[in-house]
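Here is the structure we will look at, set down as structure tokens.
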Amino acid sequence: MTVESATSINDLNTSYPATLDAKSEGAAHIRLIKTLIKAERGMVLTSKSADYTFVLADANNAFLHPAADTTGRTWTIPANASVAYPVGTVLTFINQNAAGTITLSITSDTMRLGGAGSTGSRSLAANGMATAVKIASTEWIISGTGLT
């Protein structure tokens, strides 16, 4: 079996050693392995109890403002010029906290509210959930419950 024909991480576990690295097997193979691992485990949910600016490694994951953190937070999607997420990248935001609102901000790129089309930063209320999808190099669309 080749890495390209693998359909699950189990296929890779039986065919390749655990010490694969970009030098010995090629960077493309490592990216494929990481993609298969992520596909099998689902989206990663990370708790954030601080203001935060997203990084490339955050792509296609979810972020939780936990109930225990009663402070409002600002989470920022950086400009494409500083973090070039691929078109199709998804970021999901969950505000479990009943006391603190999450401000979802964007730097110089455009974030449009789904349905309305208005642009700019958004607020995510208590028990709200929203998803932002990158639809062009400098444009995102965001929608969800509790999002204004």
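The values are calculated or read from the model by the stated rules, or taken from the named source; none is laboratory data. Model, not experiment: these values are computed from the prediction. Neighbour counts run over all protein chains shown; Cβ positions are idealised from the backbone, glycine included.
For this structure, a couple of remarks:
- On the stretch given as the range 101-148, residues that are part of a strand (DSSP E or B) and either closer than 15 Å to T74 by Cα or not aromatic (F, W, Y) (or both) total 33.
- Filter result for G88 (assigned to a loop (DSSP other than H, G, I, E, B) and farther than 17 Å from I135 by Cβ): no
- Those residues of the range 65-93 which are touching a residue at least 40 places away in the same chain (Cβ under 8 Å) and of a type in the set (V, I, T), in sequence order: I77, V87, T89, V90, T92
- Residue list for the range 59-74, filter: touching a strand residue (DSSP E or B) at 6+ places or on another chain (Cβ under 8 Å) and either assigned to a loop (DSSP other than H, G, I, E, B) or not assigned by TED's automatic domain parsing to the domain that holds V90 (or both): A59, N60, P66, G72
- Every pair of residues 6+ apart whose Cβ atoms lie under 6 Å, when the first sits in the range 118-137 and is over 21 Å from D51 (Cβ atoms) and assigned by TED's automatic domain parsing to the domain that holds S105 while the second is part of a strand (DSSP E or B) and of a type in the set (V, I, T): T119/T110; V133/V90; V133/I141; I135/I141
- Just one of the listed residues (T148, T92, T138, T131) is surrounded by fewer than 18 Cβ atoms within 10 Å (Cβ to Cβ) and more than 17 Å from A59 (Cα to Cα), namely T148.
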